[in-house]
Amino acid sequence: MIGLVVASHSRPLAEAAVALASQMAGAASVPIAIAAGTADGGLGTDPLAVAEAIRRVDTPDGVVVLVDIGSALLSAEMAVELLDSSAAERVALTSAPLVEGLVAAAVTAGSGSPRAEVVREAEAGLAYKQVQLATVAPQLGEGFPLAGLGAPQVQAPNAGAMSAIVSVVNEHGLHARPAALFVAEVRAVHADIRVRNVTTGSGWVPGGSLAAVTTLGAVKGHQLEIQAVGPDARQALYTLVAQTEAGFGDGAGSVAAVASAEPAPPAAPVLRAASPGYAVGPARHLRAVPIQIPQWEPGGPEEQRIRLSSAIDQVAQELGQIKGVALRSPGGSGEAAIFDAHALLLRDPAILAQVSARIDAGRGAAAAWAEVLGAVRAQFEALDDAYLRARAADVRGLADRVLRQLLGLGSATVSGKGILVADDLDPGEAAALNAEEVTGIVLAEGSPTSHAAILARSLGIPMVTGAGSVARHLPEGTVLAVDGSAGTVRPRPDQATVVEFKAKIKARRSALKLAAKAARGPAKLADGGPQVPVMANIGSVDDAVRAAGAGADGCGLVRTEFLFHALRQPPSRAAQAEVYRAIASVMDGKRVIFRTLDAGGDKPIPYLPVAPENNPFLGVRGLRLCLQYPEVFADQLMALIEVARDFPVSIMFPMVADVRELREARILTARAAFRQGGSVPEGLKVGVMVEVPSVAMKAAAFAPTVDFFSVGTNDLTQYCLAADRGNPAVAALGDALDPGVLALIRALTRSARGRASVSVCGEIASDPAAAPVLVGLGVRSLSVAPPAIGEVKEAIRAWSRPEARDLARRALACSDPAAVRALLAAPRPPA
């Protein structure tokens, strides 16, 4: 982020200008330094003071200096000469008006814009006055409304843009303060926003330019048309329309209301713990060279197709390498299937046919690819289902990878070792992270249940999501203290906090080493109660090897879909049996629970299609899909039964909601055993995943037909709280420690007691702080990510059963998940 310096003859004037800019532009996060007045409080400027102010706010992106009159400019020029050459090159002096220019510069710098753009917007700060007083004639209909300001021409958005029309309600129209807030909103989102004054018939102007927006001449009653294209287009329109209709806090009744209006306080970010651990270090923003599609690309249609094919091949190779990294990461194989899905999308025949048709029509490879993938992304963004709308980000990430190959642009990078700060991470970016270089992650958006969060946990990188504009506006290099366990981020911590966090990092490393040494032992409660098996969630033979090495008491969840996603047809029974046998063999006699194919919904498989669904999360997925493809299901059941004749194996059915589904699956299991010429193996156990709230509430109806229940807290939480775990807008609601979710688990354990065991295999089981609560609720075993085995076992050993039950009782009495987490973080009462 650019730093700003105000060099003025008068300190009160400078302080007032900075206060005004902060109020009008919401610029509290922009570094602004003042060099004004003399040491004795008089009027004047001092080159040394200006130089020191520049040093205070200097960043790798540079500094912009605004001055008032006369000798202030001379002082600023002398100050630059006092700096070393590298620092001097980063400083820009501007002729912008002090007040208007500072407001425009603060808005522009606050969005992370480059120095040249900050200077341009600052110097255009007088545009509104010039148009209002008719000293410069507006050039309506020609993009940017003022000639001679050096701003780029803006064309009308594509026909596919989303749009809305809203009336200006401010008594004095869209004057400087509401315009500044409008622009700040635009610059905070990932979307191309353009706006025009419908009433006056103006041309389109960029919504992120304060100079452009103020020259629209929008007075009370005028109608503005806002159009948006991009990942955040829908949310951006909702926000801008709502803010405009509310007058940006101006009120709509009287001059007094306008004069005394204060800007509405920004919504506080909802930070969420996504990956445990601690980190302290400089903020390193994820940066990439912007993609600009050329108007003309050399070569005929055949050459364009060859270029595109080569780029797709390169990206497919990249995805294969990234998948390999994910597979080698502890517990990362569960996320590796996403890269198989991306590889299929890369070579989707329908998409490639559309791209080829555009190339034949004269478009270049990059333009054709961008247009077709942009249309696919827009289709996802227009869907009602929030999860599928979120898949638009996957399409964008994949499209950008191919475009970067076509145009010879590098991937997004960070400038050095430190804490990665970004809006969000796609699975490819997360899997490619180096834990030695990236010591922590802070995301403006994201979710603890996202692919990126799961990969961060497998890599052992602390991560916090939901930081919002706090993350977007952090200057590069700002020191951060990140607590991925509690979900906190402290910018610019004092020395005592830095020392505290370094001590926590050291202590956590020591604790992890001790936990790893003790991981092979049983996890028994402190009062000598029965062992609580801590098993592993895995998705490959390699995962099983790591889990066994980490001290797992078995495998509580084997995601068998990893065998299905990478193929163009179902795997054979023999191929499945070979892999299942290898996993069971590695676990050396410990029980292995295989979840049958969990596909559909958010995990489609091309060769097992389902009819289009408005809400796939509530559609044909899990066991429902398997029952629609009985032969594929039978092959998997026979492969599992074959292995169960030699090893302790359990079969677990996903996404069960009705006892009739379970009975049908049990019949198919018996039939599969019969087709093999025998009965169901004596040691084979059968259970269901509890992901649908109704199953927890009517567990007594299921208990006679199952040996165990395994709670999948990821889906159970989103269904219980009506909060899609893939939607950042409601991600903060989807916390598995919500007392309502805990109450469902308690109802399940009570109904199942004495008839079937209850385990938890969702993400919350991997949180050591949650382990005693789950045990206190009556859960008898946990299945966790392999890296968490040692810590979770240590957490269980620290509590007696009465203490765990009391903790669970108090957690159930809490009002919300934040209160539960505060309870778990509080010091334990004396015994």
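The values are calculated or read from the model by the stated rules, or taken from the named source; none is laboratory data. All values reported here derive from a predicted model rather than from experimental measurement. For neighbour counting, all protein chains shown are included, and Cβ atoms are generated from backbone atoms with ideal geometry for every residue, glycine included. SASA here: full protein model, heavy atoms, side chains in, ligands and nucleic acids out. Shrake-Rupley method; radii C 1.70, N 1.55, O 1.52, S 1.80 Å.
A compact table of results
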{"quantity": "Accessible-area value, Glu77, 1.4 Å probe, nucleic acids and ligands omitted, Å²", "calculated": "80"}
{"quantity": "Area accessible to solvent at Asp58, 1.4 Å probe radius, in Å²", "calculated": "50"}
{"quantity": "With all protein chains modelled, accessible area of Trp204 [1.4 Å, Å²]", "calculated": "40"}
{"quantity": "FRET efficiency for Leu668 and Arg520, using Cβ-Cβ distance with R0 set to 51 Å, rounded to 0.05", "calculated": "0.85"}
{"quantity": "Additional length obtainable on full extension of the chain from Ser679 to Glu302, 0.36 nm per residue less Cα span", "calculated": "129.7 nm"}
{"quantity": "Three-way shape call for the stretch 1-125 based on the alpha-carbon gyration tensor, with the a/c threshold at 1.5", "calculated": "oblate"}
{"quantity": "Virtual spin-label span in nm between Thr705 and Ser411, 7 Å along Cα→Cβ", "calculated": "4.7"}
{"quantity": "Ranking by accessible area, most exposed first, for Lys504, Lys517 with a 1.4 Å probe", "calculated": "Lys517, Lys504"}
{"quantity": "Vicinal HN-Hα couplings computed from phi for the stretch 290-301 (Karplus, 6.51 cos²θ - 1.76 cosθ + 1.60; Hz; Gly/Pro x)", "calculated": "x, 8, 10, 6, x, 5, 9, 10, x, x, x, x"}
{"quantity": "Whether the stretch 530-800 is rounded, prolate or oblate, judged on the alpha carbon gyration tensor where a/c under 1.5 counts as rounded", "calculated": "rounded"}
{"quantity": "Percent carbon-and-sulfur accessible area, the stretch 730-780, ignoring ligands, DNA and RNA, probe 1.4 Å", "calculated": "51"}
{"quantity": "Long-range amide H partners of Ala92 with built H, under 5 Å", "calculated": "Val63, Val64, Val65"}
{"quantity": "Cα-projected label distance for Ala582 with Glu77, points at 7 Å along beta-carbon direction, nm", "calculated": "7.4"}
{"quantity": "Accessible area per residue, Å², the stretch 1-125 with all protein chains present, probe 1.4 Å", "calculated": "40"}
{"quantity": "Net charge of neighbours whose Cβ lies under 14 Å from the Cβ of His9, counting Lys and Arg as +1 and Asp and Glu as -1", "calculated": "-3"}
{"quantity": "Cα gyration tensor shape of the stretch 481-624, rounded if a/c is under 1.5, else prolate or oblate by comparing a/b with b/c", "calculated": "oblate"}
{"quantity": "Backbone HN-Hα couplings from phi across the stretch 704-710 [Karplus 6.51/-1.76/1.60, Hz, Gly and Pro as x]", "calculated": "x, 10, 10, 9, 7, 10, 10"}
{"quantity": "R0 of 45 Å, Cβ-Cβ distance Ile69-Glu225: FRET efficiency to nearest 0.05", "calculated": "0.65"}
{"quantity": "Where labels lie 7 Å past Cα in the beta-carbon direction, separation of Ala611 and Ala507 in nm", "calculated": "5.9"}
{"quantity": "Å² of accessible area per residue within the stretch 527-628, as computed with a 1.4 Å probe and no ligands counted", "calculated": "38"}
{"quantity": "Amide H contacts under 5 Å for Met162, placed H, 5+ residues apart", "calculated": "Ala228"}
{"quantity": "Straight-distance crosslink candidates among aspartates and glutamates, where the alpha carbon sits under 16 Å from Lys220 and sequence neighbours closer than 8 are dropped", "calculated": "Glu171, Glu245, Asp250"}
{"quantity": "Pairs from Lys417/Lys793; Lys417/Lys502; Lys590/Lys793; Lys517/Lys685 whose Cα-Cα separation, in the structure shown, is over 25 Å", "calculated": "Lys417/Lys793; Lys517/Lys685"}
{"quantity": "Gain in span if fully extended, Val499 to Ser572, counting 0.36 nm per residue against the direct Cα distance", "calculated": "20.6 nm"}
{"quantity": "Ser310-Ala435 FRET efficiency (beta carbon distance; Förster radius 45 Å; 0.05 resolution)", "calculated": "0.90"}
{"quantity": "Stretchable slack from Gln292 to Ala361, in nm (0.36 nm times residue separation minus alpha-carbon distance)", "calculated": "22.8 nm"}
{"quantity": "Accessible carbon and sulfur surface of the stretch 1-121 relative to its total accessible area, %, 1.4 Å", "calculated": "58"}
